[in-house]
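These notes are about the structure you will find just below.
Values quoted throughout were computed directly from the atomic coordinates according to the rules given, and no laboratory measurement underlies them. Keep in mind the model is a prediction, meaning the values are calculated, not measured. Methodologically, a virtual Cβ is constructed for each residue, glycine included, from the backbone with ideal geometry; neighbour enumeration extends over all protein chains shown.
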Amino acid sequence: MVHEIIKRVRETLAQPGMSKHKLAIVAGLHRNTLRDVDDPDWNPSAATLAALEPHIVGSEVEASPEAA
């Protein structure tokens, strides 16, 4: 499950107009939190993943029309 969330974070960052800084701020994280996301050994904390999850591709919140 953790690897799936990390994959979805990376997919979200590949979207046009999205950046590491933007995703971090939207998720309420420090802007440098995602600086190493492209590193295959990136090991985010559970708290970081929990903060990101509602804002990434494939999340129920992200897919919900009410969230737009």
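Looking only at region 4-21, count how many residues are closer than 16 Å to S59 by Cβ and without any contact (Cβ under 8 Å) to a residue 24 or more places away in the chain. Don't jump to the end; show me each part of the working.
So in region 4-21, the residues closer than 16 Å to S59 by Cβ come out as 4-15, 18.
Narrowing the set further to residues that are without any contact (Cβ under 8 Å) to a residue 24 or more places away in the chain leaves 4, 7, 14, 18.
The qualifying residues number 4.
Scanning region 48-63 for residues that are buried (at least 16 other Cβ atoms within 10 Å of the Cβ) and not in a helix (DSSP H, G or I) yields I56, V57, S59.
Where residues in region 23-47 are touching a helix residue (DSSP H, G or I) at 6+ places or on another chain (Cβ under 9 Å) and outside any loop (DSSP other than H, G, I, E, B), which of them is surrounded by the fewest Cβ atoms within 10 Å (Cβ to Cβ)? Result: A46.
For region 1-22, name all the residues that are among the hydrophobic types (A, V, I, L, M, F, W, C) and part of a helix (DSSP H, G or I).
From region 1-22, those among the hydrophobic types (A, V, I, L, M, F, W, C) are 1-2, 5-6, 9, 13-14, 18; that's our starting set.
If the condition is that a residue be among the hydrophobic types (A, V, I, L, M, F, W, C) and part of a helix (DSSP H, G or I), then V2, I5, I6, V9, L13 are the ones that fit.
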